[in-house]
1. From the list Thr152, Thr89, exactly one residue is modelled with pLDDT of 95 or more, open to solvent by 80 Å² or more (accessible area, probe 1.4 Å) and hydroxyl-bearing (Ser, Thr, Tyr). Which is it?
2. Could you check region 50-142 for helices (runs of 4 or more DSSP H) lying wholly inside it with 2 or more residues that are within 14 Å of the chain's Cα centre (by Cα) and at negative phi?
3. Given the criteria open to solvent by 70 Å² or more (accessible area, probe 1.4 Å) and of a type in the set (A, V, I, L, M), does Ala77 qualify?
4. State yes or no: is Pro44 in contact with a strand residue (DSSP E or B) (Cβ under 7 Å, 6 or more places away or on another chain), within 22 Å of Ser166 (Cβ to Cβ) and open to solvent by less than 20 Å² (accessible area, probe 1.4 Å)?
5. For region 125-149, name all the residues that are open to solvent by 20 Å² or more (accessible area, probe 1.4 Å) and among the aromatic types (Phe, Trp, Tyr).
6. In region 144-177, how many are part of a helix (DSSP H, G or I) and either under 20 Å from the mean Cα position of the chain (by Cα) or β-branched (Val, Ile, Thr) (or both)?
7. Could you check, for region 107-124, whether at least one of its residues is open to solvent by less than 60 Å² (accessible area, probe 1.4 Å) and in contact (Cβ under 8 Å) with a residue 60 or more places away in the chain?
8. Scan region 11-41 for residues that are open to solvent by 60 Å² or more (accessible area, probe 1.4 Å) and at pLDDT 95 or above and report the count.
Amino acid sequence: MKKLQLLLVLLLLISLAGCVSQPADNDGIAVNDNLETIYNFSHPAPNHATGGQPKKHEVAMLADAGVDMIVNLRSHAEMADIHEAEWATHNHLAYYHIPIAGADDLTEENVKLFHQTLWLNEDKNIFMHCASSNRVGALMALRAAWFQGADTAEALAIGERYGMTSLRKRVEELLNE
């Protein structure tokens, strides 16, 4: 009798274990040829993609590929006639706009906001963009150095992997201050 009770309790525990909610597996972004149509598209990490300004249909393709959120680094002026927030909402994507107009906006405050946005959403698949991914790479480099403990060489390598090009000189200056 005791063995039967023990067996029943064990079976009950096993069945209850299957009811416990587990966090969803994040397999990363499912990159496909369609995403390559996004200007300067890159996939520098399993849960990060970068590029230039996506078009409306490309936002839908990002959602289909498993992207959960978009971080837009273009300035307000650049976004005047682009309704990306609406496109993201229509496709059930979180949307963050951190306007970076150029080198003068590479401030500790802006990098901190960028860092916090990524840190609070580290379990999400994120597409980050500006016009070409240059600002994305610059912010990733500064984030790595200022908030994640990377040395200058590591930070610059991260920045380049994420698309930094013409902002490299300004990023180096900031890292050497």
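The values are calculated or read from the model by the stated rules, or taken from the named source; none is laboratory data. These numbers were taken from a predicted model, which means no experiment stands behind them. Glycine gets a Cβ as well: all are built from the backbone with ideal geometry, and neighbour counts include every protein chain shown. These accessible areas exclude ligands, DNA and RNA; they are computed on the full protein's heavy atoms, side chains included. Shrake-Rupley method; radii C 1.70, N 1.55, O 1.52, S 1.80 Å.
1. Numbers: Thr152 fails: open to solvent by 80 Å² or more (accessible area, probe 1.4 Å).
Only one candidate passes the filter, namely Thr89.
2. It comes to 56-64, 108-120.
3. yes
4. no
5. Listed by number, the residues that qualify are Trp146, Phe147.
6. We begin by selecting, within region 144-177, every residue part of a helix (DSSP H, G or I); these are 144-148, 152-161, 168-175.
Narrowing the set further to residues that are either under 20 Å from the mean Cα position of the chain (by Cα) or β-branched (Val, Ile, Thr) (or both) leaves 144-148, 152, 154-161, 171.
Here the count works out to 15.
7. Scanning region 107-124 turns up no residue that is open to solvent by less than 60 Å² (accessible area, probe 1.4 Å) and in contact (Cβ under 8 Å) with a residue 60 or more places away in the chain.
8. Residues that pass the stated criteria total 2.
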